[in-house]
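Read-outs: derived from the displayed coordinates by stated rules, not from any lab. These numbers were taken from a predicted model, which means no experiment stands behind them. Here the Cβ is made from the backbone with ideal geometry for all residues, glycine too, and neighbour counts use every protein chain on show.
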Amino acid sequence: MNTLPLVTAIELYLTLGIAVFLLSLHGLMTLHDPIRRLIAVNLMGAGTFLVMVSLARRSEVPDPVLHALVVTGLVVAISATAFALRLIIAATKADRRGGKPEP
Amino acid sequence: MNLALLSLAIPLFSGLLLLLGGRALRTRTTGFIAIASTLASLIAAWLALQEVAAAGTTLLLNLGGWETGLAIRLRLSSLSALLLLFTALMHLLIGLYAGLSRAGINRDFWALSCFLHGSLAALWLSADLFNLYITLELLGLTAVAMVALSGSKAYRPAANYLILSLAASLFYLLGVALLYGRYGELDVLLLAPRTEADVITRLALLLMTTGLMLKAALWPLHLWLPPAHASAPTAVSALLSGLVVKGPLFILWVLWSEVAPPTLAQQIGPVLAIAGMIALTAGGLSAMRSPHIKTLVAYSTVAQLGYALMALGLLLTWQLPQMHIALWLFVIAHGLAKASLFLAAGEMQASLGTRRVDGLRGATQTVPVAMFAFAVAGGSLIGLPPSGGFLAKWVLLEPLLSQPQNWPWAIGVLLGTLVSAAYIFRVVALSFDRARINPPDINPDRVGHWLALLPALMVWGMALSGEWLIQLLAGGGV
């Protein structure tokens, strides 16, 4: 089986994680639709978690502390996303009732 | 240490109780439970402060009895005990207002305010970078839910606030991940002696600082604050402006004064201090031009945080312990004064039936007590003696004035004072315009007005306990 050496693979994933973070940050700053902005924030989270998971893989036995941090971070991200979606939906409904144009 | 944990646990459990009890409890009972638990937490915080003063040192606790390095550590210093006390006092004052004033509040406020209290207490006690991230998220989520309490008009600002707050937390989290990847530690005290001024550390600190400055609405990342704070219900605005923005500021202080290597801290110090100086003037000018009362008060938060940021920046640049005292005196004096300012602004809005600053014409006659609260609290923001704001500014200015090469900073502080005076006096001058009075729509709510005055009187009372506060902050160090 032809695989990348471990060190190169980790560097690749670290770079990818940072790239995802920066691209979605760009998205967050340029987009206006709240749902798209929320997706951008979620992608920033994905980039961060990718960095954390690849940092954990540097030793032969993966670092359990970083895995625990990622799991905790995922729980926070999921709950916050659900809350944000509910708020955005409620805000859009309220705008429609008020007869205001949608942003 | 147990007392400090009690001060954290009481609001947390009463919040859970109120959430589970839900509609089964009567609104009055809900408010009563929340205020009683805040009072209990206040007493516990006071006893914890005595305990740490008697011990004369910082107390540490490894959660769950795990060995150091594996455990999440909590730390009780005299500063964190003081902040616990301050948080409980602010919740008590604002809770009394929310419960007793005629304006009333949505019943969900009580559970959320308990959670807010709990997450702030956890933040002051944490000595672990990841645990600080968790408390930061708890704080952000609770604050957003509280903004949304004021109904459908606030949903849009609340959603924007949440998205920004999440993005800021992720900046912080990425920084934490990089620091852990570099040093393999998350505990502040274990990390502190090991950090070096290399590229990874710089990048991590930069990311964390950006996130925290966004969360604390420090210039130039403050633009989200005025709409979010101005659209919340009055009691919530007071909590958000007085307390919530101080949480990220505390983490910023821990990060730079403890975790960062001193060489890097000395490099960032002047940058932070200049940002603080610009915040003072820019925030003040926006407050001066603002047509709405609550937006004026919200912009004044941006300006006043400039003082704290400046004290932090100069603390890092010169490593002067006096700046540490000034920073925390500012935080406490601003919290009390801002609570009074927001409560008074909310009461005047309700009584006079207007959200505009112009509508305050003749307020000294129509709503005298609320206007008095506004002016007295404003006096502390300007720094008139003998208020708490004066005390903080005096401690900040003393080392600046004694050395001629520091005078440019002193000029920045004085310019900020001038602008603060301008936006406070703009309101006060209008309120004395008795020729064209804006008549009140309803009879003013006397209880509400007096409760709005209470925090303002306390900030003036701070001067009486000034020496005690200064000694406490000077003795505690970290």
Average partner chain C-beta neighbours within 10 Å, per residue of B:178-188? 3
From the residues B:Leu79, B:Gly379, B:Leu138, which one has its Cα farthest along the dipole of chain B in the positive direction, the dipole being from +1 and -1 charges on Cβ of Lys/Arg and Asp/Glu about the Cα centre? B:Gly379
What are the equivalent ellipsoid semi-axes of the range B:386-457, built from the alpha-carbon gyration tensor (square roots of five times its eigenvalues), in whole angstrom, biggest first? 37, 17, 7
Angle check, please: helix A:34-56 long axis (alpha carbons) against the longest principal axis of chain A (alpha carbons), in degrees 0 to 90, nearest 10. 10 degrees
Take the Cα coordinates of the range B:3-48, assign each an equal point scatterer, and use the Debye formula without solvent to give log10 I(q)/I(0) at q = 0.24, 0.27, 0.29 Å⁻¹. -0.76, -0.88, -0.95
Could you please rank B:Asp198, B:Asp128, B:Asp108, placing first whichever residue has the fewest other Cβ atoms within 10 Å of its Cβ? B:Asp198, B:Asp108, B:Asp128
What the 10 Å binned alpha carbon P(r) of the range B:193-323 shows, as percent of pairs per bin from 0, is 13, 43, 29, 13, 3, 0
Tabulate in residue order the Karplus-calculated ³J(HN,Hα) for the range B:216-227, using 6.51 cos²θ - 1.76 cosθ + 1.60 with θ = phi - 60°, rounded to whole Hz; enter x for Gly and Pro. 8, 6, 8, 3, x, 10, 9, 5, 6, 5, x, x
Exposure proxy check on B:Trp407, B:Trp219: fewest-to-most Cβ neighbours within 10 Å is B:Trp407, B:Trp219
Residue-normalised 222 nm signal for the protein assembly as shown, counting each DSSP H run of n ≥ 4 as -39,500 (n - 2.57), nearest 500 deg cm²/dmol, is -25500 deg cm²/dmol
Volume per residue (Å³) of the convex hull spanned by the alpha carbons of the range B:340-422 is 91 Å³
Taking all pairs of different Cα atoms in the range B:261-478, averaging 1/r and flipping that mean, what Kirkwood radius in angstroms comes out? 17.7 Å
Helix A:64-97 versus the longest principal axis of chain A: what angle, 0 to 90°, nearest 10, using Cα atoms? 10 degrees
Alpha-carbon centroids, the range A:39-103 and the range B:409-436: separation in whole Å: 43 Å
In whole angstrom, the spacing between the Cα centers of the range B:151-185 and the range B:238-278 equals 17 Å
Honestly the range B:111-178 on the Cα gyration tensor test (a ≥ b ≥ c root eigenvalues; a/c under 1.5 rounded, otherwise a/b vs b/c for prolate or oblate) is just oblate
Would you please state the base-10 log of I(q)/I(0) at q = 0.07, 0.09, 0.12 1/Å for the protein assembly as shown, with intensities from the Debye formula using one equal scatterer on every alpha carbon? -0.40, -0.67, -1.23
I'd like the distance separating the alpha-carbon centroids of the range B:1-40 and the range B:196-216, in whole Å. 36 Å
Hey, could you pull the Cα Rg and Dmax for the range B:153-250, both in Å? 15.8, 49
Inter-probe distance in nm under a simple model that places probes 7 Å from Cα toward Cβ, at B:Leu418 and B:Asp198: 4.9 nm
Debye sum, Cα scatterers, the range B:1-126, no solvent: what log₁₀ I/I(0) at q = 0.13 1/Å? -0.53
Calculate the spin-label point distance for A:Ile35 paired with B:Arg355, positioning each point 7 Å from the Cα along the beta-carbon direction, and give it in nanometres. 2.8 nm
A correct fewest-to-most ranking of B:His117, A:His26 by other Cβ atoms within 10 Å would be A:His26, B:His117
So what are the three principal axis dimensions of chain B from its Cα atoms, in whole Å, longest to shortest? 66, 62, 43
Cα extents of the range A:6-97 along the three principal axes, largest first, in whole Å? 58, 25, 11
